[in-house]
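First comes the structure, then the notes that go with it.
The values are calculated or read from the model by the stated rules, or taken from the named source; none is laboratory data. If you're wondering where the values come from, they're calculated on a predicted model, not measured in any experiment. Glycine also receives a Cβ, built like all others from the backbone with ideal geometry; neighbour counts cover every protein chain displayed.
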Amino acid sequence: MSQLIRLSSTTSGQELLSHIGLSIPTQVNEPEPLPQHLHAEITGLPFPRNMHPVHNQTRRRARAQALLKAADQHATDVVFVDATKYVDKPYFAAAAVTPDGTAVNAFPVRTQKACEAEQVAIALALALPQHDTIFTDSKRAALAYRRGTLCQAALRVLASVQITVDKHIYWFPGHEGINIQPGVPNGIALAHNLARDFTCRGGSRSGSLAGDTNTYQE
């Protein structure tokens, strides 16, 4: 199936499929397995329960504060990631920052789906050899890594990556503000700001996750 998808993504490939009587897949960006040698080095931590953004605000904030405190104590190991949609283009900007907001990577992703862009943001962080702890506010993206099935854009980022240390992906409560932990900025908010600024430099204002909005589970 993956070969059919790759062929169907080009005009010559579509002509070949038509000539030999095979149908052209309608979905050309289906998730594919993460190579086993990479999956074995990546651990997606379990999600905590009772983290509804309305009904469990206190628990969410407490988790965010605890993770920020841990990130501050191990700052050289940690990366925060996020993705922001362009308003009038079929792109997201994926970004990764250190706990103090230093940009370590940013990348445009051609997709209409927030989860795919968030997977790419995580991949950008995984590609950094000196960092082994990644915080994301997307449960769906983190779950994709736990299951070992990713969008093709994320797999392309990881294609030449060699992971030599165990990597850990943590879910971080989103939309908690930048100053929730005294003396420690919210790295997720800083990653969001970098992604938003990246879309502005690209000639467009950033916008909401139109077409693929976060659910209460995020």
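Residues that are within 20 Å of residue 175 (Cα to Cα) and in contact with a helix residue (DSSP H, G or I) (Cβ under 9 Å, 6 or more places away or on another chain) are absent from the stretch 33-44 altogether. For the stretch 35-63: of the residues being within 18 Å of the chain's Cα centre (by Cα) and not in a strand (DSSP E or B), which is surrounded by the most Cβ atoms within 10 Å (Cβ to Cβ)? Here the residue is 38. Only one of the numbered conditions (1) surrounded by fewer than 20 Cβ atoms within 10 Å (Cβ to Cβ); (2) part of a helix (DSSP H, G or I); (3) of a type outside the set (Ser, Thr, Tyr) is violated by residue 162, and that is (2). If the condition is being out of contact with any helix residue (DSSP H, G or I) (no Cβ under 9 Å at 6 or more places or on another chain) and either part of a helix (DSSP H, G or I) or modelled with pLDDT of 95 or more (or both), then the stretch 103-142 contributes 125, 139.
Which one is surrounded by the fewest Cβ atoms within 10 Å (Cβ to Cβ) among residues in the stretch 113-158 that are among the charged types (D, E, K, R) and within 15 Å of residue 97 (Cα to Cα)?
Within the stretch 113-158, the first condition is being among the charged types (D, E, K, R), and the residues that meet it are 113, 116, 118, 132, 137, 139-140, 146-147, 156.
Then drop every residue that is not within 15 Å of residue 97 (Cα to Cα), which leaves 118, 132, 137.
Numbers: 118: 30, 132: 21, 137: 24.
Per the stated criteria, the residue is 132.
Report whether or not residue 54 is β-branched (Val, Ile, Thr), within 26 Å of residue 156 (Cα to Cα) and touching a residue at least 12 places away in the same chain (Cβ under 8 Å). Walk me through how you get there before you give the answer.
Working: β-branched (Val, Ile, Thr): yes; within 26 Å of residue 156 (Cα to Cα): no; touching a residue at least 12 places away in the same chain (Cβ under 8 Å): yes.
So residue 54 does not fit the description; no.
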